Amino acid sequence: MTLNVAQIRDQFPILKRQVNGQPLVYLDNAATTQKPQAVIDALVDYYTQCNSNVHRGAHYLSDEATKRYEAARKTVAAYINAGRSEEVIWTSGTTEGINLVANGVAQRLKAGDEVLVTEMEHHADLVTWQQACKRSGATLKVVPIHDSGELNVDAFHQLLSDKTAFVAMPHVSNALGTINPIKELTAAAKAKGALVLIDGAQGVAHGAIDVQDIGCDFYAFSGHKLFGPTGIGVLWGRYDVLAEWPVWLVGGEMIATVSYQDATWGELPNRLEAGTPNIAGVIGLAAAITWLQGLNAKDIWAHEQALLKRATELAEQTQGLRIIGTAPNKIGVLSFVIEGIHPADIGFILDKQGVAIRTGDHCAQPLMKRLGVPGTARASFSIYNTMDDVEALFKAINKAQMMLA
Amino acid sequence: MNLPSTDEILDDLAFLDDWEQRYQYIIDLGKALPGLPEEQHKDEYLVRGCQSNVWLISEEKDGKLQFHVDSDAVIVQGLLTLVLAAYHDKTAEQILAFDIDQYFNQLDLENHITPTRGNGLRAIVNKIQTIAKAH
């Protein structure tokens, strides 16, 4: 089977619009994906039919909202193969999920402990751990990468020791597209007794995720990179770890009992979800996952890889263009620089031609420094992109080269 | 520094009617701006934009403020020329009296020629205005 891309495109209303007088070629999917009509409808339906606060109202709408909200938790749990749905904690996104974990880790770390991250971290999975180390006196160790953008696995094993209390790494590099061997690395870290968090922001939208198979303790991701709304994300954590995790935000919903001078915490998942949650976001995310489950994960993978292969071929034929990130195992991300042209200039000229990409440091300043580039231009592909989009990208790049030369 | 005046820029742009011509004009302005020698690309002069670096140095000469800028992106460099046309070699009073928003509206150069965080223009305009106010 192959993906019916025309049919998929039909379900994304935004892809029909024009920008700068040109048909939109949306290649900024690693930043955020567009939303199918099913997600938009779920949000509208929630607000027009069902809006109510969850878990506390003694009335019909509240019951219905609560049912939809908790059903969404089960949908997410099934999608990532969580052991129990209480392991799914709603967050505002990957960043909040990692902060929730880092806050707890910082309370438990002591001087002499080590936290391991990689050179390819997004700031969300670097600054969090750097600050947790600063607060606790622990040491941050950074696993190097090869020039290809692959993780130096030997160095990972060498840096791992009995002192390693925590390991955080991206499933997939946002700037380069590299897919890390997270299962193997997680097993090695667990063997040393470390807790492991996977930053799944770029990992969730390209194939099936099985958190139990990965073997990690935490997996964090954002709904908006998975065709869902912004402002909703998931922190999955192993039940026995989360049940004892230091509480993050305190307030309503997360407590068991409260007196003026003291409080006790509720059970999972509530103890880590203070305040009124993003109910519409939760329902929208579940709609996105349900919609995505209607497609074959292998077909999605094959389609995105075909786009990447064609884009890589065209990139290699483009004079002066250098691909940044050449790992053999990549998602559909093409990061590149062009000799003598700043990435921002490429971005400006592509935009005028209707081609949306991202340029800059991709929230990975130390990685850009490590790679010796001021930033890159990054095209990232998703299920609704076509070979025509890839051709349009390179036509636009050629024009940018002509104008900027 | 040989800069066009804001009136000259507005006149030039009035004759260019598609985006390619307008952008080529901005690119050519950017290439013509002298920029700064590498050793002056110091952090203390850096005005952080989201997608490219911009450096700004100011000095006073005969009661007027002189601005020397550089960017590592040529289109941003061109946009900076538009800004310097308004501010370079002017008194602090002239700088503060200049209606930059109206000027950008008149330029009518669509998205990127408006001061946004992305291209660093807003930051540079703010910095120049702050320098003029402190003067």
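The values are calculated or read from the model by the stated rules, or taken from the named source; none is laboratory data. What you see is a predicted model, and the numbers here were worked out from it, not measured in a lab. Heads up, the Cβs are rebuilt from the backbone with ideal geometry, glycines too, and the neighbour counts pull from every protein chain shown. Protein only, heavy atoms only, side chains kept; ligands, DNA and RNA dropped before computing areas. Shrake-Rupley method; radii C 1.70, N 1.55, O 1.52, S 1.80 Å.
Protein-only accessible surface at a 1.4 angstrom probe places the residues A:303, A:157 in the order A:157, A:303, largest first. Only protein heavy atoms count here; on that basis, with a 1.4 Å probe, residue B:19 has an accessible area of about 40 Å². Exceedance of the 32 Å cut-off in Cα-Cα distance is limited, within the set A:74/A:134; A:74/A:141; A:110/A:369, to A:74/A:134; A:74/A:141.
Specify whether the C-alpha gyration tensor of chain A places it in the rounded, prolate or oblate class, a ≥ b ≥ c being the square roots of the eigenvalues: rounded for a/c under 1.5, otherwise prolate if a/b is larger than b/c and oblate if not. Verdict is oblate for chain A.
Relative contact order of the stretch A:41-293: 24 percent, from C-alpha pairs under 8 Å at least 6 residues apart in sequence.
Only DSSP H runs of four or more residues enter the estimate; each adds -39500 (n - 2.57), and after division by the residues of chain A the mean residue ellipticity at 222 nm equals -11500 deg cm²/dmol. Counting only protein chain heavy atoms and rolling a 1.4 Å probe, the accessible areas of A:183, A:67 rank, largest first, as A:67, A:183.
The stretch A:165-213 and the stretch A:343-389 have Cα centres separated by 24 Å. For the stretch A:193-287, DSSP calls about 75 percent of its internal beta bridges antiparallel. Screening chain B for DSSP H helices whose Cα atoms reach 15 Å or more along their own axis and whose mean Kyte hydropathy is at least 0.0 gives B:74-87, B:121-134. Of all stretches in chain A that contain no GluC sites (Glu not before Pro) in a DSSP loop with at most 13 other Cβ atoms within 10 Å, the longest one is A:1-243. Placing a pseudo-label 7 Å from each Cα along the Cα-to-Cβ vector at residue A:161 and residue A:67 gives an inter-label distance of 5.7 nm. Kirkwood analysis of the Cα pair distances in the stretch A:62-186 returns a hydrodynamic radius of 16.2 Å. For the stretch B:6-134, the spread of Cα positions along the three principal axes, ordered from largest to smallest, is 39, 31, 24 Å. When +1 charges are put on Lys and Arg Cβ atoms and -1 charges on Asp and Glu Cβ atoms, the dipole computed for chain B relative to its Cα centre reaches about 540 debye.
Distance from the Cα centroid of the stretch B:75-101 to that of the stretch A:105-149 is 44 Å (rounded to whole angstrom).
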